[in-house]
1. Would you be able to tell me the number of residues in segment 154-179 that are modelled with pLDDT under 95 and within 16 Å of the ligand (Cβ to nearest atom)?
2. Taking the conditions exactly as written (out of contact with any helix residue (DSSP H, G or I) (no Cβ under 7 Å at 6 or more places or on another chain) and either in the same structural domain as Val114 (by TED's automatic domain parsing) or outside any helix (DSSP H, G or I) (or both)), does Ser269 satisfy them or not?
3. Could you go through segment 289-311 and let me know if any residue there is among the acidic types (Asp, Glu), within 24 Å of Gly353 (Cα to Cα) and not in a strand (DSSP E or B).
4. In the list Ile393, Ile409, which residue meets the criterion of being in contact with a helix residue (DSSP H, G or I) (Cβ under 9 Å, 6 or more places away or on another chain), more than 30 Å from Asp106 (Cα to Cα) and assigned by TED's automatic domain parsing to the domain that holds Gly30?
5. Give me the helices (runs of 4 or more DSSP H) completely within segment 1-119, filtered to those with at least 1 residues that are within 16 Å of the ligand (Cβ to nearest atom) and out of contact with any Leu (no Cβ under 9 Å at 6 or more places or on another chain), ordered by residue number.
6. Among the listed residues Asp39, Asp106, identify the single one that is over 30 Å from Gly228 (Cα atoms) and of a type outside the set (Val, Ile, Thr).
7. Restricting to segment 230-267, what's the tally of residues that are in contact with a Lys or Arg (Cβ under 8 Å, 6 or more places away or on another chain), more than 16 Å from the ligand (Cβ to nearest atom) and closer than 27 Å to Ile126 by Cα?
Amino acid sequence: MTSAVDSPVWHPFTQHGLQPEMIPVRSARGAWLKTPDGDLILDAISSWWVVTHGHCHPRIVGAIEEQARRLDQVIFAGFTHAPAEMLARGLINIAPSGLSHVFFSDSGSTSVEVALKMALGYFHNIGEPRRRIVALEHGYHGDTIGGMSVGARGVFNAPYEPLLFEVERIPFPSAGNEQATIDAFDAACANEPTAALIVEPLILGAGGMLIYSEQVLRELKRIAERYGVLFIADEVMTGWGRTGSLFACEQAAITPDILCSAKGITGGSMPLAVTLCTSPIFEAHRSSDRSKTFFHSSSYTANPIACAAAVANLDIWNTEPVADRIAALADAHAERLGPLRDNPAFEKVRQIGTITALDLKVPDAGYLAGVGPKLMSYFLARGVLLRPLGNTIYVMPPYCITPAELDLIYAAIAEAPVALAGGAA
Ligand SMILES: *Cc1c(COP(=O)(O)O)cnc(C)c1O
């Protein structure tokens with residue numbers, strides 16, 4: 001069975017003119033996807049960065065089944081339920097200390113929209129309107145209008161440019177250039193009242209798996225505090241162990257004013273997101289004045305089944321040796337990256353926690369334009385799901401992956417330059 005070329009389905013980030021057929025997947029277990037024909041594909045990118053423990057973790061599946069039978073959905077304005085209450089308490093317990101309130105939504109993009117609205121709502125409600133947002137160059141924060149506005153501009157959002165709001169951008173703090181970022185942020189804050197800084201802490205994901213130091217993060221937080229600027233940590237990708245710690249902010253020992261989490265929050269099983277904030281932000285909205293209400297909701301806010309999946313994920317973190325698995329995965333990655341550092345076909349070999357990345361050296365930009373899809377086809381032919389960002393190959397597997405499975409991935413990567421040189425022409 002293959003997907004029909006005349007399917008009515010419109011796929012995300014997919015050029016149907018170049019890729020008319022999709023790969024059907026019928027089931028998944030651990031790190032593996034299975035097609036209806038019985039072919040196995042190793043999921044080396046956690047199905048777009050969401051599957052943390054592995055596909056179909058029995059405790060998450062069980063929690064979803066049980067919750068679906070008890071309470072499927074209920075309006076969340078004026079009503080509440082145990083899975084949401086348990087999840088919110090659990091999140092506050094494990095998040096950086098000082099975050100005290102949890103607002104639910106259903107995707108990383110909406111968690112960012114909520115964060116931006118919280119920040120502007122805060123300044124509006126305390127009677128000190130500020131609207132300017134500062135963001136990091138090359139950032140990615142989702143595909144809704146606000147998320148695109150604070151993210152990098154380019155081919156991905158060119159048609160919508162007229163709708164995007166203006167944002168002050170500070171340079172990416174690449175190694176050796178950290179001071180320029182810090183100075184630019186200080187100057188931006190001094191120059192004009194600023195509502196918030198939004199950053200992906202420690203690693204920019206969709207922007208190319210660009211890693212920067214925790215000292216920069218700490219310094220940016222210090223400057224934000226000095227100017228009363230709210231610090232928004234978009235941990236949609238970095239959260240849930242990806243960078244080695246539960247949240248990336250922990251490595252800088254900072255508590256952001258607002259923290260966005262999605263992707264791994266349900267272990268990758270159900271769409272759910274949260275935006276955590278500190279008490280002053282919540283209190284600026286709590287009032288007898290209805291106009292100060294936080295006016296945001298989506299129909300499925302805090303869906304009980306998704307919350308139950310997230311509670312099961314929290315249980316897994318609290319009772320299974322997840323931190324040990326992450327540490328072992330980080331070591332296993334590092335061992336396998338070593339030889340690639342000496343391979344002249346690659347450059348910028350890098351790692352943070354469970355994520356590794358390296359750039360395939362390409363002769364020119366024309367080649368670069370097509371190298372991502374070519375690499376992806378090559379990897380799929382080897383039974384490995386990797387989805388390079390241009391010439392950047394990255395590995396972000398579920399934490400259940402075994403050393404032998406990692407070997408399959410790294411062998412495919414090591415042989416990619418030769419295979420492409422031979423077969424790409
Ligand atoms: C994926 C991602 C988003 C958007 O999340 P969706 O669930 O795809 O809407 C936002 N921010 C970051 C850092 C992301 O990696």
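1. Looking only at that region, the number is 3.
2. Taking the combined requirement at face value, the residue does not satisfy it.
3. Scanning segment 289-311, I find no residue that is among the acidic types (Asp, Glu), within 24 Å of Gly353 (Cα to Cα) and not in a strand (DSSP E or B), so the answer is no.
4. So the residue among Ile393, Ile409 that is in contact with a helix residue (DSSP H, G or I) (Cβ under 9 Å, 6 or more places away or on another chain), more than 30 Å from Asp106 (Cα to Cα) and assigned by TED's automatic domain parsing to the domain that holds Gly30 is Ile409.
5. In segment 1-119, 46-49 are the helices (runs of 4 or more DSSP H) which contain 1 or more residues that are within 16 Å of the ligand (Cβ to nearest atom) and out of contact with any Leu (no Cβ under 9 Å at 6 or more places or on another chain).
6. Asp39
7. 1
A quick yes/no check of all residues on (1) touching a residue at least 12 places away in the same chain (Cβ under 8 Å); (2) under 18 Å from Leu116 (Cα atoms):
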position	(1), (2)
Gly146	yes, yes
Gly151	yes, yes
Phe172	yes, no
Ala180	no, no
Ala184	yes, no
Ala187	no, no
Pro193	yes, yes
Ala206	yes, no
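The values are calculated or read from the model by the stated rules, or taken from the named source; none is laboratory data. This structure is a prediction, so every number in the text was calculated from the model and none was measured. Cβ: placed from backbone, ideal geometry, glycine included. Neighbour counts: every protein chain shown.
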